[in-house]
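The structure appears below as C-alpha cells.
The values are calculated or read from the model by the stated rules, or taken from the named source; none is laboratory data. Small disclaimer: the values here were computed from a predicted structure and weren't measured. All Cβ positions, glycine included, derive from the backbone under ideal geometry; neighbour counts span all protein chains shown. Heads up: the accessible areas ignore ligands, DNA and RNA and are worked out on the full protein's heavy atoms, side chains in. Shrake-Rupley method; radii C 1.70, N 1.55, O 1.52, S 1.80 Å.
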Amino acid sequence: MSVLEPLQITDTHVVVKVPHLSAFGLVWALEILWRIWNNRNPIRGQVLLFLRPPNPKTQKQNLNVLLLPTNIPLAEVRAKQENSVYIQASSNCKLIKDQSYSAHCLNAYKIQPKKAEFDVDFGPNFHPTFEIRLPTNTEEATVTVRDETYSDVWECEVDLTGPRRETVHWSVPAEDSLPAEDTLLLVRTQFINRVSAAVLNQLLDKLLERGVVTDDEMQSARTKTRAEKARDVIDTVRRKGTEASSVLIAALYEVDQCLSRVLALR
C-alpha cells in the first residue's frame, strides 16, 4: 500500500501519477486467453449416422446424426439406438468444444435443431445431435456438417437403400439347410470371443420377449461376466432346439449385423 499525492484536483476529478501496476490484471488476462485457446483447439471427432424405420403414414424416415469424440466406442452408441440401423460412412472430422454446428441435406423435409453445440461430455444415452427427416423413397443423400463460419467440417454421400429395405425374419431354417442349433455350435467359440456385453443384454431382452428364455434364466445370465454370459446365452438357446436357435440367429442379425456377417449367420 502507498499514499498517492494528487497532482491536480478539480470539481470532478483527481489526477494522480501511478508509477507501476499490479501483475494481477496480466495474470487474469493470460488465464482467460489460455481457456479460450483450449476451447477453440480442435479435437478428433466422429459423425455417426443412424436410420430409423420409415413411418408409413407420413411417408418419412429420420436420419439421426450424432457428433461425438472419436474415443467413444461405436458399439456403445449402437446399443442405445433402439430400432435404428447404423449407416456405415467415413466418420472422422475435427470438432471444437462449445462451438455451434449445423447439419445440411438437400433431400431433407426438415432438419432439427438448426444449430447445436458440440460437447465432449456424452453418455450414457447418446442422444442425436441432429434429426434429418427424409422421404421414405430416398435412396441416397449427401449430409454435411458445418461450423459457425459456414465451413464444411464433414461431408459424406450415404446410401439409404440397403438398411431401409432390410427385414428381420423370425423363421426356422429350410429343411435342406443345417439345423440352427448346429449352426450355433459351429460359431460358438467365435461368438463367445467377439460378442460385446451391450449386444448380449439386447439379445437377452429379445429372447425374453420371444419366450425363448425365462425371467430366471435372463437374470442369472446378467450377473455373469461377459464371456460367461455369452457362453450361457448360446448354450441355453442351443439346448432348446431349432426354433429357439433360429430366434437367436435372427436377433443377432437385428442387433449387430457386423458380427452376424463375421460369423456367417446371414
Can you name the residue in segment 212-229 that is among the small types (Gly, Ala, Ser) and over 25 Å from the mean Cα position of the chain (by Cα) and, of all such residues, is surrounded by the most Cβ atoms within 10 Å (Cβ to Cβ)?
Ala221
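Residue by residue through segment 79-97, note down the ones that are open to solvent by 60 Å² or more (accessible area, probe 1.4 Å) and either among the basic types (Lys, Arg) or in contact (Cβ under 8 Å) with a residue 40 or more places away in the chain (or both). Quick ask: steps written out before the conclusion?
Step one: of segment 79-97, the residues open to solvent by 60 Å² or more (accessible area, probe 1.4 Å) are 80, 82-83, 88, 90, 92, 94, 97.
The answer is Lys80, Ser90, Asn92, Lys94, Lys97.
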Can Pro69 be described as in contact with a Lys or Arg (Cβ under 8 Å, 6 or more places away or on another chain), modelled with pLDDT under 90 and surrounded by 13 or more Cβ atoms within 10 Å (Cβ to Cβ)?
no
Within segment 41-60, of all residues that are closer than 28 Å to Asn137 by Cβ, outside any loop (DSSP other than H, G, I, E, B) and open to solvent by 10 Å² or more (accessible area, probe 1.4 Å), the one modelled with the lowest pLDDT is Asn55
Pairs under 6 Å by beta carbon, first residue part of a loop (DSSP other than H, G, I, E, B) in segment 61-77, partner open to solvent by 20 Å² or more (accessible area, probe 1.4 Å), six or more apart or different chains?
Thr70/Arg44
Mind listing whichever residues of segment 111-137 are without any contact (Cβ under 8 Å) to a residue 40 or more places away in the chain and either open to solvent by less than 80 Å² (accessible area, probe 1.4 Å) or more than 28 Å from Thr161 (Cα to Cα) (or both)?
Ile111, Gln112, Pro113, Glu117, Asp119, Asp121
Are any residues in segment 230-263 charged (D, E, K, R), open to solvent by less than 70 Å² (accessible area, probe 1.4 Å) and more than 11 Å from Leu203 (Cα to Cα), and if so, which ones?
Asp232, Asp235, Arg238
